[in-house]
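*Asks:* One structure, as C-alpha cells, below. Some questions next.
Laboratory data are not the source of any read-out in this text; all were calculated from the coordinates shown. Everything numeric here is computed off the predicted structure, so don't read it as measured data. In this analysis, Cβ positions are derived from the backbone assuming ideal geometry, glycine residues included, and neighbour counts consider all displayed protein chains.
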C-alpha cells in the first residue's frame, strides 16, 4: 500500500479523527484548511505538489469551489460533506473526463454501507406488504448542523426506490416537530439532536400485529474516519466520479 500525503479541508471532529488514524495506515497529513486558515482555490493549488489526495469534511457551501478546483487541476478528492446532492449531476459532469478523481459518500463506514444493504433487502420485501408502514428516525450530537442527516436521506432513497415500485409510497419528507398531517403515501424522516450521540439510524416497519426495527448505532467516529482514509487509498490512482458502491465493490473483495 502506497504511503499517501493527505490534505484536509475542514478540521472538526472528523478531521481530528483523520489526523489520529492516518499514521496507523502509514499516511501523513501535509496540509490543513481550517477556521484560521480557510480553503481558497489559490491555497489548494499552491499545496498540490505536497498533497496526493484531499479529504473534505467541511460545509456544502465549499463543495462547488472544491470540485471546480480539483477538476481544473486534475487533483484527487474524497468528499464526506453532505447537503449538496441536489447538484450531484452538475458536479459529476464537471469531474468526468477532466483527469481528476473524486469519490463522495454521506458516510464511509463499512457498517453503515452494510446497514444500507440490509435495509435495501428488507425494503424489497416490506414494500409489498400493505399492512406495514415505514419511517426513519436519526439521532446525532447537538453540534450537528444538518437535519435529516445525509445517511438518513440516503436510507430514505433506498426505501423509496422499492416503495415507489410497489405504489405504496410516492415521496420522502422530513417530519417537522408537531406535524400531525401524516400522508399515507409518504416516508417520513424524523431527527433528534442531543448530547454527544455519534450517530444512530433506525428504520421502523410497523403494523397492527407487530413491529420490525433495524438499527445502526455508531460507537465512535473511527469507523467513519477509517473508511474515508481507505477511500483516499482507492481514489489515488483513479480518474472519474465515484460513489460508495464503486468503492466497496473493491474494498469488500480486498480487506486489509
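*Asks:* How tilted is helix 110-126 with respect to the longest principal axis of the chain? Cα atoms for both, answer in degrees (0 to 90, nearest 10).
*Replies:* Around 30 degrees separate the two axes.
*Asks:* Please work out the FRET efficiency for the pair residue 121 and residue 96, using the Cβ-Cβ distance as r and a Förster radius of 22 Å; give the result to the nearest 0.05.
*Replies:* Working: r = 31 Å, r/R0 = 1.41.
Here the calculated transfer efficiency is 0.10.
*Asks:* Under a no-solvent Debye model with one identical scatterer per Cα of region 109-188, what's log10 I(q)/I(0) at q = 0.11, 0.13, 0.19, 0.23 Å⁻¹?
*Replies:* With no solvent term, the Cα-only Debye profile gives -0.30, -0.42, -0.86, -1.15.
*Asks:* Would you calculate, for the chain, the mean residue ellipticity at 222 nm contributed by helices, counting each DSSP H stretch of 4 or more residues as -39,500 (n - 2.57) and dividing by all residues, to the nearest 500?
*Replies:* -10500 deg cm²/dmol
*Asks:* Next question. How far is the Cα center of region 175-250 from the Cα center of region 116-146, in Å?
*Replies:* 8
*Asks:* Follow-up. Evaluate the relative contact order of region 99-256 (contact order divided by residue number), counting alpha-carbon pairs under 8 angstrom at least 6 apart; express in whole percent.
*Replies:* Details: 238 pairs, mean separation 56.4, N = 158.
Reported relative contact order: 36 percent.
*Asks:* If you line up the long axis of helix 222-235 against the longest principal axis of the chain, both from Cα atoms, how many degrees apart are they, to the nearest 10?
*Replies:* For helix 222-235, the angle is close to 60 degrees.
*Asks:* To check you understand DSSP bridge types, tell me what percent of the beta bridges within region 112-216 (both residues inside) are antiparallel, rounded to 5.
*Replies:* 55
*Asks:* Got the relative contact order for region 1-135 handy, in percent, Cα pairs under 8 Å and 6 or more residues apart?
*Replies:* Across region 1-135, relative contact order equals 20 percent.
*Asks:* How much length would be gained if the chain were fully extended between residue 25 and residue 186, taking 0.36 nm per residue of separation minus their Cα-Cα distance, in nm to one decimal? Could the numbers behind the result be given before it?
*Replies:* Working: separation 161, 0.36 × 161 = 57.96 nm, distance 4.36 nm.
Answer, rounded to one decimal: 53.6 nm.
*Asks:* Given the options 223, 178, 213, state which has the largest fluctuation in a GNM of the chain using a 10 Å cut-off (strictly under) for Cα springs.
*Replies:* Looking only at 223, 178, 213, the biggest GNM fluctuation is shown by 178.
*Asks:* Helix 63-72: angle to the longest alpha-carbon principal axis of the chain, degrees 0 to 90, nearest 10?
*Replies:* 40
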